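Trainee: Right, I'll just put the structure down here and ask away after.
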Amino acid sequence: MSLTTADVARLADLARLELTEEEMTTMVGQLDVILDAVASVSTVAGDYVEPSSPGIPMTNVFRADEVKESLPVESVLAMAPVAEAGRFRVPRILGES
């Protein structure tokens, strides 16, 4: 797959990045190399390759969940830049309402 500067401009817009024409031209070449490397992986694993399983038995290494005392909500929220209704207030992202 060969990218164009228009493709890179669209990707930059989606990622909310401002790129100069020179940066977009550079990125075309770099992203082409990355896409070629990713595409080569799909050629390695064909339909004839069966999924593999671990060579050694796997066991759960996580500890059991235990309820423990935590910090008081008031002292945690006291460290927050902005708190509202007993929660951290953070800016909205991606135009969510």
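Trainee: Looking at 41, 76, 82, 8, which is the one that is open to solvent by less than 100 Å² (accessible area, probe 1.4 Å) and in contact with a Lys or Arg (Cβ under 7 Å, 6 or more places away or on another chain)?
Mentor: Only one candidate passes the filter, namely 82.
Trainee: I'd like the residue in the stretch 61-73 that is open to solvent by less than 100 Å² (accessible area, probe 1.4 Å) and modelled with pLDDT of 90 or more and, out of all such residues, is nearest to residue 13 (Cα to Cα).
Mentor: Taking the candidates together, the pick is 73.
Trainee: Being modelled with pLDDT of 80 or more, open to solvent by 100 Å² or more (accessible area, probe 1.4 Å) and of a type in the set (Val, Ile, Thr) narrows it down to one residue among 93, 34; which is it?
Mentor: Residue meeting the stated conditions: 93.
Trainee: Here's a follow-up. Of the conditions (1) open to solvent by less than 100 Å² (accessible area, probe 1.4 Å); (2) more than 27 Å from residue 94 (Cα to Cα), residue 22 fails just one. Which one is it?
Mentor: (1)
The values are calculated or read from the model by the stated rules, or taken from the named source; none is laboratory data. All figures in this text were calculated on a predicted structure; none of them were measured in a lab. Here the Cβ is made from the backbone with ideal geometry for all residues, glycine too, and neighbour counts use every protein chain on show. Surface areas here come from the heavy atoms of the whole protein model, side chains and all, with no ligands, DNA or RNA. Shrake-Rupley method; radii C 1.70, N 1.55, O 1.52, S 1.80 Å.
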